[in-house]
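The values are calculated or read from the model by the stated rules, or taken from the named source; none is laboratory data. Keep in mind that what you see is a predicted model, and the values were worked out from it rather than measured. Ideal geometry is used to build each Cβ from the backbone, glycine not excepted, and the neighbour counts take in all protein chains shown.
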Amino acid sequence: MNERHPMDELLRKDRIPHIWCSGCGLGTCLAAFITAVRESGIPLEKLCVVSGIGCTGRVAGYLNIDSFHTTHGRAIPFAAGLHLANPSLKVVVFSGDGDLIAIGGNHFIHSARRNLDITVICVNNFNYGMTGGQGGPTTPIGSRTTTTPYGNFESPFSIPYLAAASGAPYVARWTALDTRRMTKSMGEALHKRGFSVVEIISPCPTLFGRLNRQGTGLDMLKSYQANSVIQHGADPSKVGIEKDGKIVVGKFVDIERPTFLDLVKERLGSKFKMHWEKVECDPALVPAADE
């Protein structure tokens, strides 16, 4: 019997078993990402993964590739620094809704506006799972969390709408149940030039599911199956998620748009040269010491 699992190469087995709860969708999301990486053809030495704080942030620690576990909300600016310092790398941000859309929301919208060549995978479980199940920026109206015991009164962000309105040229959403479609979208996002975003709706049975009486992780996945509607090309402004409502999934945006570095090179031309090791400016552009 072969004792080696096909995903062993990309997992840090010394850190297994993982810390995720039974029924959580993060294991499925990680497996889909590993499959997408294996099928992408991207050399592992040219790939790095950045995450922030939270349950999803643990992904970086389980991957046996160059990965960085950064501070809360700062995964995207850290990834931006990696990309701009070495554009030959494929930089992926893999984190949660609280990390990327709450404290990291400003970085999310401006990186999309600039169209930095980064892939963002955002696992959305509608609450802060690691720190106690508090309400977050994607918690549907009426949903109970530890900080909204009478139901959430704040209008949530729709991640696809936020990404598309900010200028992201690739935006997709799937649930943790849609493993093959999710894997395909991750692969497309990896090869997309520009700020590509894949949102994954994932069950959090321990906190969000329990407080909203949605049952086990399997029960939540069955609910996704019953309530998901695939609408490729749907208007991102109309795919918001309501409590106990339909979940519109699919590939919503797939367009071409110049990246940040494309525009830099276009504007500066031969005056600006970018290398793996450093950024060099034409000496003629550097002010003299007395200027």
**Message:** Checking the conditions here, which among PHE157, PHE252 is part of a loop (DSSP other than H, G, I, E, B) and in contact with a helix residue (DSSP H, G or I) (Cβ under 6 Å, 6 or more places away or on another chain)?
**Reply:** PHE157
**Item:** Residue ID - nearest to GLU256 (Cα to Cα), chosen from residues in the range 122-147 that are touching a strand residue (DSSP E or B) at 6+ places or on another chain (Cβ under 7 Å) and surrounded by fewer than 19 Cβ atoms within 10 Å (Cβ to Cβ)
**Value:** GLN134
**Message:** Among the residues that make up the range 81-104, is at least one of them free of Cβ contacts under 8 Å to residues at least 60 places away in the same chain, over 22 Å from ALA176 (Cβ atoms) and assigned to a strand (DSSP E or B)?
**Reply:** yes
**Asked** If you take the residues of the range 208-267 that are among the β-branched types (Val, Ile, Thr) and in contact with an Asp or Glu (Cβ under 8 Å, 6 or more places away or on another chain), which of them is nearest to PRO156 (Cα to Cα)?
**Response** VAL249
**Message:** Residue under question is LEU177, and the condition is that it be closer than 25 Å to GLY135 by Cα and part of a helix (DSSP H, G or I); does it hold?
**Reply:** no
**Asked** Which one is farthest from LEU10 (Cα to Cα), of the residues in the range 27-68 that are of a type in the set (Ser, Thr, Tyr) and part of a strand (DSSP E or B)?
**Response** SER51
**Fill in**
Cβ pairs under 8 Å, 6+ apart or interchain, first in the range 158-173 and at positive phi, second surrounded by 20 or more Cβ atoms within 10 Å (Cβ to Cβ) and at pLDDT 95 or above, ordered by first then second residue, are GLY167/ALA112; GLY167/ASN115; GLY167/PHE195
**Prompt:** Could you list, in sequence order, the residues of the range 43-64 that are of a type outside the set (Gly, Ala, Ser), over 18 Å from ALA85 (Cβ atoms) and buried (at least 18 other Cβ atoms within 10 Å of the Cβ)?
**Reply:** ILE53, CYS55, THR56, ARG58, VAL59, TYR62, LEU63
**Prompt:** Name the residues in the range 235-246 that are over 17 Å from MET182 (Cβ atoms) and either crowded, with 18+ Cβ neighbours inside 10 Å or outside the structural domain of ARG144 (by TED's automatic domain parsing) (or both), would you?
**Reply:** PRO236, GLY240
